[in-house]
Every structure is written in structure tokens, then in C-alpha cells.
Amino acid sequence: MAVTTKEFKYGDHTVTLETGEIARQATGAVKISMGETVVLVTVVAEKEAVEGRDFFPLTVNYQEKTYAVGKIPGGFLKREARPSENETLTCRLIDRPIRPLFPKGFANEVQVIATVLSLDPDAAPDVVALLGTSAALAISGVPFNGPIGAARVGYQDGNYLLNPGTEALEGSELDLVVAGTENAVLMVESEAQLLSEEVMLGAVMYGHEQMQTAIQAIKEFAAEVGTPAWDWQPPAVDEALHKAVAEAGEASFNEAYTIKEKMARYDRLGEIRKEILAKLVSDEEGGYSESEVQGAIGKLEKKVVRGRIINGEPRIDGRDTRTVRDITVKTGVLPRTHGSALFTRGETQALVVTTLGTDRDSQVIDALEGTYREPFMLQYNFPPYCVGETGRTGTPGRREIGHGRLAKRGVIGVMPDMEEYPYSLRVVSEITESNGSSSMASVCGSSLSMMDAGVPLKAPVAGIAMGLIKEENKFAVLTDILGDEDHLGDMDFKVAGSENGVTALQMDIKIDGITREIMQAALEQAKEGRLHILGKMNAVLDKPRQELSSYAPRFITMKINPDKIRDVIGKGGATIRAITEETGTSIDITDDGVVKIASNDQVAAEEARRQVEQLTADVEVGKVYEGKVAKLMDFGAFVTILPGKDGLVHVSQICEERVENVSDKLKEGEMVKVKVLEIDKQGRIRLSMKAVGQ
């Protein structure tokens, strides 16, 4: 076995690349380690493409094995099951920067699998997997315009941090992952605590500068391995076909792309495509196939849309490059929910609903780093009807999980401290119409919906999606892009934030990369658009409502002695279960004795509080209690004054007049008032009925 190894210093960590010992039948395989985090990345590429295939079939799988942290999976099967949300998000994180670097026309199937074998909490596996993917592609020989580098960037006390660990990230105002080539940035994913555009741009540039160390090391590693490059040539361009398609449809496409309404425009575009296919597709020898003509039509449409924008002409819906589409905002649109908002921007619409819950409603996350509870959930749904189509519904796909996470990143920077806030929160964004940036509509709708529910956000938040058209040395940055502009453009750049700063930034590039100049222009233009949207939102609701919905749970919080927790819970949970069933409340108790009682009925909550107080109270000498006669004896009666606390009323202390038989004065089950006279050293309680009121 010829094993090749390369080491390099990357921030505070040493990174080791190794190939030649594991997974030798893969097209490319690299075992990469950073600290004690170890990831195996394999690349397999088919030597031949399927004839007639007109797309690039790239799949990326990222999988975390519990043995990486010395754990056995839970559940009946005792093996890893469906991908977690974090695994799905990391798949997308790897896919986005590598996809644009495969050459146009390359249609061979490629599969990347990244497996976490060992986990060090101070070396995040997502960045390690990205670097490993770059190295595995670099040594595979597959046509790939890399390598790429990747870095995580934090920000604390005015300084940028390279690849901060878990502890460092807890005190950081920024968690940003950036990937790019030697010359340009390709992908950014981040969440921030209301940082300025200048700080965000600086973080991206800092990460790109630092990743050059990794890029250079991967180049040297690939050179040492020396895998021959594939003898692949891009398919020849049939100039005659493109000319024929342009003659048949360019004028019509120019006209169709001035139709502002999406569905009407799509109907007309469909008609034009059918006309061109009918005219040019032929089964005769030397004729054009349907797939060939469709490919040429796609290139023509791209040329038409991009050319109009670069030449300064109005965009598809008639706007200039900086104008945001018309916005309408409604809140409180659903009567029984705790908070709701309907946010519409042009032909994109999000119905967002907020639900307040208790601690037990928090989501339990079983991650490699350990099990914890997540009190804030934001979920995004994209049903097929929102784009006028039929399709599958059910389990969320990678896109829905990714967009939901982006929307969550957009609002998490203004959330209240969830360790102090008594509620757990579930926010659901239902996309009811879509034509460009439904994830940013979800950010706006989530902010409005939570404020409608009375969640004390630090500030309203809005999001906006920017696009880019770049031809040679000319470029145009587009504010609030349409779906067509996203599909036919070169960049999808999403920015969320308040009036005071950025909370989330996500960027995907479809070309070889963009420069600092373009990023700066996009950030400045995004701020202008974001402030415009916030103005529209604030005109309807600019701060959280003071009153909660009448259907939202109310909390009573109290503190008990931690030693008394077992008295409240009871054997097998019987006591606390009896209280919740009797009062209809929800009761949560923390290990330090904080009791949270939740109920929509204030009277029921107060009754639950009274019962908990009784269970945890200590008997006080001289205090009068109302108790139940538990047992009659010849010499007196035992009275239960608190749960589990019985005292004796001697026959001489029952009343002023002489009593021959206790049963002449008392009956079992009767409620009586008694005063505590004494608690002896053995804890026995002596009571008196005579002394009540004295």
C-alpha cells in the first residue's frame, strides 16, 4: 500500500490528510483529521455518462456515527437511522461550494460520502468534511476546478477567530462558515448577533485569506498522489443549432419576459418552447433531437434575461435593480393560534404561526456532542401548490430543512434568553405562494408572528435575497430577486437583520466566485432593501404585544427546597400526576427546585400552586391549619394538617367542655381547624382545637 500523508497547521489545529490505506476502490478517498476529529471522505465517479442526460447528477452524503464519541445508538435497532437535521444541513454545506466547480457539460454521476469516525468538540466536523471533500476530489482525477478551502470564523472583543471550538463559539458574536477557491469566495453560511455589514464582510475576507493555507496544502497533497486527470472534453457546441433556435424564438422570448405576472409568463414561455420544438425537432438523419433543442432553448432564455439586465433594461417584472416588490403585512390572522402573520412580497407569501409551550414541549436533540433540549423550533414547509404544481407532501426534504434553518438563523439573534424565558416556542412557516426567496419571507413572517404572540424580541427582523448577473467585467446586483432571476443568475445572496445589524448571511455562487467589490455592493444594497421592508413591517407591528393570546398558557413560577422535589413527584410520579390530572395544569420541576406551573386557567394554576406549597411546606409551631381527621383513638384524634404530616389532638385539647368519647365531637374525614402546640425532638406534632383563635 502506497500511503501519502500531508500535514499543515491551520489556526490552533494540525490538519492531516492521508490516502492509500482506506477505501482504495473509490475514485478518491481521504482520511482527514483535525485535532481528534477524523472524517473519511470518498468520491466515486462513473467513467461514462448516460447518453442524453442533460443535468449533472451529484449527490453528497454526510453521516455521523455514534461510535465517534463512544456511544451506542438509542432505539430498538441500535444503529444509525435516518439523517438528523444537522447531517442534512452539512450535506448542503458541502454540496453548495463544490457543485459550481464541475465543468459545464459534465454529466457523469458523482457521489461524495463523508463519514465522521471520531469527534473532537474543539474541531467541528463540518469544516473538516469540507476540506476532506476538496482533497478527495483533487486526487480523484475527476474534472473539477478546485481545490477549495473552508474555514469557520468567530468574532469576539473586536477580533476574528479561526476555527473556534465549542467553548469559544459560546462567547462569540458570530458563527460563519466560508468556502472558496484560491481566487474567490463561493459559499457563506452564518448567524450573528446584530453585527454591522463591515464586520460581516471582514469576516468573509478573513476566512478566505486564512483558507489559502489549506488550499495550498491540498494542491501539494494532490501533486504527491499524482492521479492522472481524466481525458474528458466538454461536448462540442452546435453553433448552427443555437442560431436556429435564436431565429425561431429570441424575439418571442424577449416579449414574454416582459410579462409581469408569473403564471401568465410561464404559460407564454411554455407556448414558445413548444413552437420551437415543433419547428426544429426532427427524426430524420442529421436532424435535432428534442433534448438537444431543449438545451439550446435554455441557453437562449438565459442569454435573453441576463442581457436585458446587463444592458440596463427593466427586469422581468418591470423593476430596476434596487426596487423591492410591493409588500403587504397582516398579523393576528388566525383566531385560535397564539400568534400569526401573513407576509406577502410580490408573488411570494408566507403564513407564519407561533405556538407557546412549556419546557416539556422542547425538542430533545440526540447529537454526537450529547443530548440536550432545544426550546426554539422553526419549521418551514413548501407545499407544491405554492408554485401551482402537484407533488409529494409529507417528510421535509433537504431544501425545506435548509430553508427552515436559514430562517431560524435570521431571527435567533434577537430572541430572548431562552434559559430565562419560561416558554418553549414552535414557529411554522407555511409557504402559500412562491416566486423568489420564500426563506426571507419566512424571516419577516416569523418576526411578525412572534411579536403578535407577545414574544419579547429585541428588535424586528427582516430578510432580503440579492442576485447577481455578471458578464466579463460588467455586473449588476439585483435586489429582491424573482425565481427566474435566481435560476438564470449567478448568485443567491440572502441577508437578514434588524435596523442595527446583520443576524444571518447566506451566499451561494454559481460561477467561479465573486470579488470583495461585488460582495460589498451586495451588502450595501441589501441593507437598503432590508430597511425598506422593516419600514413596511413596523407600520403594522413594530414591537411585541403586551398581552398574550387568551389561548396561550400562563406560568406561575415558584422555588422549593430541592430536597422536597421527591415529595412533589411522589413514588413513580404518582403525586405530581394526581395534581396535574386534578387541576388540568402542566408542571415542570428543575433540579435546583424551580417549579413552573402552566395553565390556560388562572384559578387552576393557583390551586396547583397551593397543592405544591402544601407538599413542600414545613409545619410551624403556633400556626393554625385546616386539616382532615384521619383517625380516631380513645385518647384523641390524628389530624392531617399537610400532605404526609399528621398531628395528635389529645382528648383534653378538643374543646372546652369535657368529652367522654372522642367520637362524640369528631368524625373521621371531617375538616377541622387546629393549632400547632409543639413539635418534639422525634418530629411528633401536638395539636389543639381549643387553642384556635387564642
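Between the Cα long axis of helix 516-538 and the first principal axis of the chain there is an angle of about 50°, rounded to the nearest 10. With protein chains left intact and a 1.4 Å probe, residues in region 450-544 average 35 Å² of accessible area per residue. Considering only protein heavy atoms and a probe of 1.4 Å, how much of the accessible area of the chain is carbon and sulfur, as a whole percent? Solvent-exposed carbon and sulfur of the chain make up 47 percent of the total. Which whole-number percent gives the relative contact order of the chain, counting Cα pairs below 8 Å spaced six or more residues apart? For the chain, the relative contact order is 10 percent. Highest-first packing order for the peptide set 164-176, 487-499 is 487-499, 164-176, based on the mean count of other beta carbon atoms within 10 Å.
Based on the Cβ-Cβ distance of residue 664 and residue 684, what FRET efficiency does E = 1/(1 + (r/R0)^6) give at R0 = 30 Å, to the nearest 0.05? Computed FRET efficiency for residue 664 and residue 684: 0.75.
Is there a pair in 559/690; 104/219; 571/675; 104/260 whose C-alpha atoms are over 28 Å apart, and which pairs would that be? Flagged as over cut-off: 559/690; 571/675; 104/260. When Cα extents along the principal axes in Å is calculated for this entry, the matching label among [x] 84, 54, 52; [y] 123, 63, 52; [z] 75, 56, 53 is [y].
Seen against the Cα atoms of the chain and their longest principal axis, helix 125-138 is set at about 20 degrees. Over region 299-382, Cα pairs under 8 Å with separation of 6+ residues give a relative contact order of 14 percent.
The mean sequence distance of close C-alpha pairs (under 8 Å, at least 6 residues apart), as a share of the length of region 431-583, puts its relative contact order at 23 percent. If you roll a 1.4 Å probe over the heavy atoms of the protein chains, what accessible area per residue do you get for region 388-437, in Å²? For region 388-437, the solvent-accessible area averages 45 Å² per residue. Placing unit charges on the Cβ atoms only, positive for Lys and Arg and negative for Asp and Glu, gives the chain a dipole magnitude near 1660 debye about its Cα centre.
In the chain, helical runs assigned H by DSSP with n ≥ 4 each contribute -39500 (n - 2.57); averaged across all residues and rounded to the nearest 500, the mean residue ellipticity at 222 nm is -9500 deg cm²/dmol.
The local environment of residue 52, defined by Cβ-Cβ distances under 10 Å, has a net charge of -3 under the rule Lys, Arg +1 and Asp, Glu -1.
Summing charges over neighbours of residue 83, with a neighbour being any other residue whose Cβ is under 15 Å away from its Cβ, gives -1 when K and R count +1 and D and E count -1. Applying both filters, DSSP loop and at most 15 other Cβ atoms within 10 Å, to the chymotrypsin sites (Phe, Trp or Tyr not before Pro) of region 30-70 gives 55. For the chain, the longest principal axis of the Cα atoms and the long axis of helix 438-452 meet at an angle of about 20 degrees.
The values are calculated or read from the model by the stated rules, or taken from the named source; none is laboratory data. None of these values were measured; they are calculated from a predicted model. Neighbour counts are summed over all protein chains in view; Cβ atoms, including those assigned to glycine, are modelled from backbone coordinates with ideal geometry. Protein only, heavy atoms only, side chains kept; ligands, DNA and RNA dropped before computing areas. Shrake-Rupley method; radii C 1.70, N 1.55, O 1.52, S 1.80 Å.
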